[in-house]
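Remarks on the structure that follows.
Readers should treat all values here as calculations from the given coordinates under stated rules, not as data from a laboratory. Remember, predicted model here, so these are calculated numbers, not experimental data. Glycine also receives a Cβ, built like all others from the backbone with ideal geometry; neighbour counts cover every protein chain displayed.
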Amino acid sequence: MSTKVNRLGLEVQPYRGSKTTLCAGCGHNAISERIIDAFFEMGIDPAQVVKLSGIGCSSKSPAYFLGASHGFNAVHGRMPSVATGAVLANRRLIAIGVSGDGDTGAIGIGQFVHLMRRNLPILYVIEDNGCYGLTKGQFSPTADLGSILKSGVVNQLPPIDTCSLAISLGASFVARSFSGDKKQLLTILKAALSHRGTCMIDVLSPCVTFNDHDGSTKSYSYVKDHEEPLSDVSFVPFFEDISVEYDEGATQSVTMHDGSRLLLHKLERTYDPTDKLRALTTLQEFGRRGEFATGIIYVEPDHEHFVDLLNLVDEPLASLPLERVRPPRAALDEVMEALR
Ligand SMILES: Cc1ncc(C[n+]2csc(CCOP(=O)(O)OP(=O)(O)O)c2C)c(N)n1
Ligand code: SF4
Ligand SMILES: [Mg+2]
């Protein structure tokens with residue numbers, strides 16, 4: 001029996017990680033599986049990847065995928081600054097950050113805001129269960145108004161919509177998906193891996209232990225009933241022959257930075273993910289109805305990212321020899337002479 005290999009000739013094994021220690025049925029486990037599939041199918045060298053996270057059940061996930069990649073488990077809510085340092089030190093790394101709704105929306109909100117406005121090249125996944133799973137299920141800032149805890153406590157605060165926030169701050173690829181929707185999540189992850197800039201994906205990911213009951217708006221049954229894809233997304237990577245046939249009137253094609261093609265087959269409504277204002281009003285409209293719009297909500301393939309903005313040299317800073325980092329004596333003498 002022949003084993004499936006990707007375009008690098010690698011089997012799926014190096015894309016896997018340790019055995020999960022999360023609860024059976026936790027949405028986060030399904031997301032790890034899709035991340036493994038996406039990196040394998042895109043043929044990305046695991047040695048070129050850095051995985052980053054903060055603290056929480058979600059932030060434990062990078063241990064369960066890409067076992068052969070670099071990794072850094074940061075302090076609670078502080079992953080964005082560690083990620084920024086890693087990406088700037090080595091611009092050739094492909095960075096994936098995994099966070100939770102608490103890690104991002106509460107203690108880490110300040111860091112998240114600046115990561116989005118810088119449009120750092122990173123795939124930033126929020127595993128969003130509307131609660132602090134690791135510390136026994138308290139409400140997080142993405143818990144919906146009126147959502148009820150198992151203990152009967154009602155949430156009286158409005159939620160932070162991480163997608164609206166990311167779009168208004170400057171992230172250039174923003175999506176929402178559901179851990180239970182294998183096909184959509186895999187397609188979005190693959191498209192995100194072809195983008196250069198911040199890809200913020202909020203994945204609704206039920207916590208089966210503390211937040212999967214009637215009264216929760218992040219339970220499997222609630223999300224299944226209230227999720228509506230904006231379009232049926234398919235994706236053709238740059239290394240595949242782009243000869244797909246599609247009906248011009250019903251499908252919108254977006255060319256990604258690396259030449260990959262995103263195909264959005266319209267459902268009954270027309271949705272243009274390159275229209276920022278429309279993306280924001282769509283999120284508001286859905287939120288008001290207690291529903292979740294899923295799919296690629298906003299994409300801006302040509303938005304300048306942070307590494308280019310800083311005009312860094314092509315060679316990673318981490319491997320630049322000292323002679324190229326430190327000006328020679330003559331250059332210093334010249335500066336001193338000019339100041340006389
Ligand atoms: C500085 C600091 N404050 C508080 C905690 C306690 N703590 C650990 S995980 C967590 C919340 C995690 O929630 P989330 O990011 O949503 O992840 P989940 O477990 O739900 O996946 C908190 C408050 C901590 N570890 N460090
Ligand atoms: S407590 Fe909740 S979030 Fe944490 S592993 Fe269990 S199901 Fe997942
Ligand atoms: Mg959480």
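Remarks
- Net charge of Cβ neighbours under 14 Å - reference Glu315; Lys, Arg +1; Asp, Glu -1: +1
- Protection-proxy order for peptides 324-331, 117-124, 47-54, 223-230, each taking the mean of Cβ atoms within 10 Å per residue, highest first: 117-124, 47-54, 223-230, 324-331
- Taking amide hydrogens as placed 1.01 Å from N in the peptide plane, the amide H of Gly197 sits under 5 Å from those of Ile122, each at least 5 positions away in sequence or on another chain.
- Placed amide H near Asp144: partners under 5 Å, 5+ positions off or other chain: Thr217
- Global form of the chain, assessed from the alpha-carbon gyration tensor, a/c cut-off 1.5: prolate
- Taken about its Cα centre, the stretch 13-309 carries a charge dipole of roughly 1060 debye when the Cβ of each Lys and Arg holds +1 and the Cβ of each Asp and Glu holds -1.
- Farthest toward positive dipole pole in the chain [+1 Lys/Arg, -1 Asp/Glu at C-beta], among Phe239, Ser179, Ser18: Ser18
- Extension gain for the segment Lys136 to Ala318, taken as residue separation times 0.36 nm less the Cα-Cα distance, is 61.5 nm to one decimal.
- Taking the convex hull of Cα positions in the stretch 152-247, its mean projected area over all directions (nm²): 8.5
- Rounded tilt (10° steps) of 329-339 against the dominant C-alpha axis of the chain: 90
- For Ala95, the residues whose modelled amide H falls within less than 5 Å of its own, excluding neighbours fewer than 5 places apart on the same chain, are Val50, Leu123.
- Cα-based Lys pair tally, the chain, threshold under 17 Å, eight or more apart or on separate chains: 12
- Per-residue HN-Hα couplings for the stretch 154-162 [Karplus 6.51, -1.76, 1.60; θ = phi - 60°; Hz; x = Gly/Pro]: 9, 6, 9, 10, x, x, 8, 8, 4
- Our summary gives the chain a relative contact order of 16 percent, counting only alpha carbon pairs under 8 angstrom and 6 or more residues apart.
- Size of electric dipole in the stretch 84-168: Cβ of Lys, Arg +1 and of Asp, Glu -1, about Cα centre, debye, nearest 20: 340
- Considering only Ser319, Ser59, Ser205, the mean-square fluctuation computed in a Gaussian network model of the chain, springs between alpha carbons under 10 angstrom, is largest for Ser319.
- When the charge dipole of the stretch 13-309 is built from unit charges on Cβ atoms (+1 for Lys and Arg, -1 for Asp and Glu) and taken about the Cα centre, the candidate among Ile55, Thr104, Pro80 whose Cα reaches farthest toward its positive end is Ile55.
- Helix 182-193 and the longest principal axis of the C-alpha atoms of the chain enclose an angle of approximately 20°.
- Considering only Asn29, Asn211, Asn155, the mean-square fluctuation computed in a Gaussian network model of the chain, springs between alpha carbons under 10 angstrom, is largest for Asn155.
- Between the helical axis of 27-41 and the longest alpha-carbon principal axis of the chain there is an angle of about 50 degrees.
- Across the stretch 163-177, rounded Karplus estimates of 3J(HN,Hα) from the backbone phi angles (6.51 cos²θ - 1.76 cosθ + 1.60, θ = phi - 60°) give 6, 4, 4, 4, 5, 5, 7, x, 4, 9, 8, 10, 9, 10, 9 Hz, Gly and Pro being marked x.
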